[in-house]
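S.K.: Here's a structure for you.
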Amino acid sequence: MTKKTSILLLYTGGTIGMVEDIATGALQPFDLGKIYDAVPVLSRLDCQIESYTFDPIIDSSDMSPRFWLEVARVIEENYHSYDSFVVLHGTDTMSFTASALSFLFENLDKPIVLTGSQLPLGRIRTDGIENIVGSVEIASNKKASLPEVCICFEDKLFRGNRTTKINSEYFEAFVSGNYPSLAKIGIQINYKENLITPKPSNALKVYKKLDDNIVILKLYPGIKEQTIRGILGIEGLKGVVLETYGSGNAPTDDWFINALREAIEKGIIIFNVTQCQLGAVHMGKYATSCKLREIGVKNGYDITTESAVAKMMFLLGNYSDKKQIEELLEIPLRGEMTISEEESF
Ligand code: ASP
């Protein structure tokens with residue numbers, strides 16, 4: 001008889017974990033030990049589930065790099081005891097957490113699947129049951145190799161570090177604008193094996209540090225010099241995720257370019273990502289981005305802001321050489337970006 005897949009179900013908090021108190025009608029966190037009572041269909045899947053609840057459980061708006069490291073620590077400590085991991089998480093910052101975990105685990109060879117829901121598990125019409133069952137079914141699949149940090153939501157499985165939450169109301173909450181879904185969940189679960197990262201040949205390495213001395217600087221017409229200089233002058237600042245327009249474009253005003261140049265000369269790393277959900281940064285395509293390239297702004301290609309934040313914190317936390325960090329920013333490390341032909345000369 002083949003051994004059942006063993007899954008560790010981690011519960012960080014979020015809407016999914018809320019159930020109604022029958023007496024008062026109030027929503028309260030649910031006891032993960034009773035997962036089979038809440039989702040009886042799980043007992044029919046070919047797997048053995050054990051659970052771990054973080055203390056405290058949090059709304060994902062309270063998520064932090066410290067908590068990401070804690071999630072990574074729990075997974076690492078249990079890595080050899082389980083075949084796969086499912087993480088229940090609030091939807092609001094799930095894409096950030098999935099991105100951070102993807103960088104913290106190098107040479108991952110087991111699935112880490114994050115999921116959550118738009119309606120609490122205890123509500124009629126909840127999407128939580130479908131999302132948990134889908135995630136557990138995916139995590140327990142012995143045939144499909146899935147050495148990735150993923151998000152399973154509604155009817156799709158995504159590479160986590162490619163996702164963005166785009167909807168706060170309807171069940172299709174996430175998109176992966178620049179990378180197709182890894183599987184489509186319908187009558188069957190159809191894996192697109194050619195899009196899934198191959199199993200690594202080297203041993204797992206789990207990183208233990210993140211440096212959060214970074215900011216997201218989103219451009220908008222009318223942004224003032226004092227705003228830019230105020231942000232770039234933050235004490236201890238090491239990295240900036242610069243959200244530019246379209247294919248990586250920014251104002252060409254001298255004051256703007258000078259402020260960025262001075263920051264770069266001071267040692268701050270600037271990473272150019274687009275505000276668009278689809279498409280990539282092409283520095284040099286328009287005159288408005290040529291100057292950015294000339295002064296040493298780094299190219300984020302088609303990376304999401306969430307993934308750029310996690311990647312910067314990861315690189316600044318684990319590497320000390322600025323040049324090496326800048327080089328690694330422009331190379332895909334965990335499938336988080338695609339270097340377009342145009343740029344790869
Ligand atoms: N605010 C909640 C959270 O992110 C929303 C959700 O889970 O959908 O924790």
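The values are calculated or read from the model by the stated rules, or taken from the named source; none is laboratory data. In this text, all values refer to a predicted model and were calculated from it rather than measured experimentally. Using ideal geometry, Cβ is built from the backbone for each residue, glycine included, and neighbour counts are taken over all protein chains shown. Accessible surface is based on the protein model in full, side chains and every heavy atom, while ligands, DNA and RNA are left aside. Shrake-Rupley method; radii C 1.70, N 1.55, O 1.52, S 1.80 Å.
S.K.: Considering only the other residues whose Cβ falls under 12 Å of the Cβ of ASP109, what net charge follows from Lys and Arg at +1 and Asp and Glu at -1?
M.R.: Charge balance near ASP109 sits at 0.
S.K.: For region 232-249, just list the computed ³J(HN,Hα) in residue order, Karplus coefficients 6.51, -1.76 and 1.60, θ = phi - 60°, integers in Hz, with x standing in for Gly and Pro.
M.R.: Coupling constants for region 232-249: 5, x, 4, 5, x, 4, 10, x, 10, 8, 8, 7, 9, 8, x, 8, x, 8 Hz.
S.K.: Now for a different question. In Å, what Rg and Dmax follow from the Cα atoms of region 269-345?
M.R.: Both quantities, over Cα of region 269-345: 12.0, 35 Å.
S.K.: For Cα pairs less than 8 Å apart in space and 6+ apart in sequence, what is the mean separation divided by the residue count of the chain, i.e. the relative contact order in percent?
M.R.: 15
S.K.: Please state the shape class of region 39-189: rounded when a/c is under 1.5, otherwise prolate if a/b exceeds b/c and oblate if not, all from the C-alpha gyration tensor.
M.R.: Cα axes put region 39-189 in the rounded bin.
S.K.: Could you work out how far apart the two model spin labels at GLU262 and LYS285 are, taking each label as a point 7 Å from the Cα in the direction of the beta carbon, and quote it in nm?
M.R.: 3.1
S.K.: Charges only on Cβ, +1 for Lys and Arg, -1 for Asp and Glu: so what's the dipole of the chain about the Cα centre, in debye to the nearest 20?
M.R.: 560
S.K.: Computed FRET efficiency, Cβ-Cβ of GLU225 and LYS323, R0 35 Å: what is it to the nearest 0.05?
M.R.: After rounding to 0.05, the efficiency reads 0.75.
S.K.: Now for a separate question. Give me the number: length gained by fully extending ASP254 to ILE339, i.e. 0.36 nm times residue separation minus the C-alpha to C-alpha distance, one decimal in nm.
M.R.: 27.7 nm
S.K.: Can you pull the percent of the chain's accessible area that's carbon plus sulfur, 1.4 Å probe, other chains left in place?
M.R.: 50
S.K.: I'd like the trypsin sites (Lys or Arg not before Pro) in region 215-265 restricted to DSSP loop residues with at most 14 other Cβ atoms within 10 Å, sorted by number.
M.R.: Of the trypsin sites (Lys or Arg not before Pro), the ones in loops of region 215-265 whose Cβ has at most 14 other Cβ atoms within 10 Å are LYS224.
S.K.: Plugging the Kirkwood radius over Cα pairs into Stokes-Einstein for the chain, at a temperature of 4 °C and a viscosity of 1.567 mPa s, what D comes out in µm²/s?
M.R.: Answer from the Stokes-Einstein relation: 62 µm²/s.
S.K.: Calculate the FRET efficiency for THR24 and LYS142 from the Cβ-Cβ distance with a Förster distance of 35 Å, rounded to the nearest 0.05.
M.R.: The computed FRET efficiency comes out at 0.20.
S.K.: Moving on. When only DSSP loop residues count, what chymotrypsin sites (Phe, Trp or Tyr not before Pro) in region 94-130 have their Cβ near at most 15 other Cβ atoms within 10 Å?
M.R.: none
S.K.: Something else now. Please label the shape of region 110-169 as rounded, prolate or oblate, based on the square roots a ≥ b ≥ c of the eigenvalues of the alpha-carbon gyration tensor (a/c under 1.5 means rounded; beyond that, a/b larger than b/c means prolate, else oblate).
M.R.: Oblate shape, in that a/c is at least 1.5 and b/c is the bigger or equal ratio.
S.K.: Full-extension gain between GLN277 and LYS192, please, as 0.36 nm times their residue separation minus the C-alpha to C-alpha distance.
M.R.: That works out to 28.4 nm of additional length.
S.K.: Over the Cα atoms of region 1-108, what Rg and Dmax result, in angstrom?
M.R.: Every Cα atom of region 1-108 included, Rg and Dmax give 14.9, 48 Å.
S.K.: Take the Cβ-Cβ distance between PHE54 and LEU204 as r, set R0 to 25 Å, and report the resulting FRET efficiency rounded to the nearest 0.05.
M.R.: 0.70
S.K.: Return a single number: how many Lys pairs in region 85-237, at a sequence separation of 8 or more or on separate chains, have alpha-carbon atoms below 20 angstrom apart.
M.R.: 22
S.K.: Would you kindly state how much longer the chain becomes between SER168 and ARG125 on full extension, computed as 0.36 nm times their sequence separation minus their alpha carbon distance, in nm to one decimal?
M.R.: Gain on extension, SER168 to ARG125, equals 13.9 nm.
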